[in-house]
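Written out below as C-alpha cells is the structure these notes cover.
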Amino acid sequence: VSDVEFLRVRLRSSGVEFQIEQLVRGRDAAEEIAEVAERVGASLVVIGMRRRSPTGKLLFGSQAQRILLDAGCPVLAVKAPS
Amino acid sequence: MLRGMTVVIGYVPNAAGRAALDAAIEEAGRRGERLHLVNVGESDASNDPKFVQEGELERLRGRLTDAGVAFEVEQLVRGRDAAEEVVDAAERVGASLIVIGMRRRSPTGKLLFGSQAQRILLDADCAVLAVKAAR
C-alpha cells in the first residue's frame, strides 16, 4: 500500500472527518503548514518530533522549530515511542 | 502512578503562561486526567518574576478549583533549570502531556525560541503542547 492509501485507511477507520492536501511547489514544509493552519482557521497543529540522539546531541529539526515559532495556534509536538 | 493519567504544566506567571494554563485545564478536563502544575524559581525566589508569589498562588488555586479538575501545585526552588524540573516532574508523575507557554516571534520577526521551551520539547518523553499568548 502506498503511504497515501495507508493514511486514508487509517483516517477512515478512525471515524474523523478529514482532508488530505499534498503540496509540491518548492516551499518549506514549515511555511506551507503555518499557511494551511491559517487558511483553515486551525485550533491546533500537530507535528512529529525527533528524539534526542543516543549521544544526547541536540537535534531540533529546523522545520519543527519554525512551525512552533510561526503558528498562530497551539502546536502539539509528538515523539515516536522509544 | 500509572502512565498517562496526568497533564503537567510548566507554569510561568505571564501572558503565555496563562494561555498555557487555559489549555492545560481544557486538556485535563477532556482527558479526564489530573493537572500537575510546576512552577520553578531561581535561588532568590521572592524577587523572581517567574516564581508565583503568595497572593497569586491563592488566585491560581481558586482558578483550578473552579475549573473542577483535580490538581496539584508544585513550586520548586533548588537551583535547577525550569526545563529540567518540568521534564523530571513529567516523568515522575507519568504525564501523558506537558503544556508550556511560548513567546511569539518579535514584531521584527527575530527568532526568539526560549531555551527552556526548546529543552522541554527535546527532552520530554511524552507529547508537548506549546501555547502562545492570545494576540
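None of the figures in this text is laboratory data; all of them are computed from the coordinates on show. Quick caveat, the model's predicted, so the values are computed rather than measured. Here the Cβ positions follow ideal geometry from the backbone for every residue, glycine too, while neighbour counts run over all protein chains shown.
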remark   = Between B:Val77 and A:Ser43, the two model label points (7 Å from Cα along the beta-carbon direction) sit apart by a distance in nm of 3.9
key: Placed amide H near B:Leu129: partners under 5 Å, 5+ positions off or other chain   = A:Ala77, B:Ile98, B:Val99, B:Ile100
query = Expressed in nm to one decimal, what extension gain is obtained for the pair A:Gln63 and A:Val36 from 0.36 nm per residue of sequence separation less their Cα-Cα distance?
reply = 8.2 nm
query = Got a sec to turn the phi values of the stretch B:119-135 into Karplus ³J(HN,Hα) couplings, 6.51 cos²θ - 1.76 cosθ + 1.60 with θ = phi - 60°, whole Hz, x for Gly and Pro?
reply = 6, 5, 4, 6, 8, 5, 7, 8, 5, 10, 9, 9, 10, 9, 5, 4, 6
inquiry  = For a Förster distance of 22 Å, can you work out the FRET efficiency between the beta-carbons of B:Ala134 and A:Asp3, rounded to the nearest 0.05?
reply    = 0.05
key: Rounded, prolate or oblate (a/c below 1.5 giving rounded, otherwise prolate when a/b exceeds b/c) for chain A by Cα gyration tensor   = oblate
ask   = Given the rule -39500 (n - 2.57) for each run of at least 4 DSSP H residues, summed and divided by the residues of chain B, what is its mean residue ellipticity at 222 nm, to the nearest 500 deg cm²/dmol?
value = -12000 deg cm²/dmol
query = Looking at the square roots a ≥ b ≥ c of the eigenvalues of the Cα gyration tensor of the protein assembly as shown, which shape do they give, rounded for a/c under 1.5, prolate if a/b is larger than b/c, or oblate?
reply = prolate
note = Between A:Asp28 and B:Glu54, Cβ-based FRET efficiency (R0 45 Å, step 0.05) works out to 0.45
request  = Give, as a single signed number, the net charge of other residues whose beta carbon lies under 15 Å from the beta carbon of A:Val24, with Lys and Arg counted +1 and Asp and Glu -1.
outcome  = -4
ask   = Label points 7 Å out from Cα along the Cβ direction at B:Asp66 and B:Asp125: separation in nm?
value = 3.6
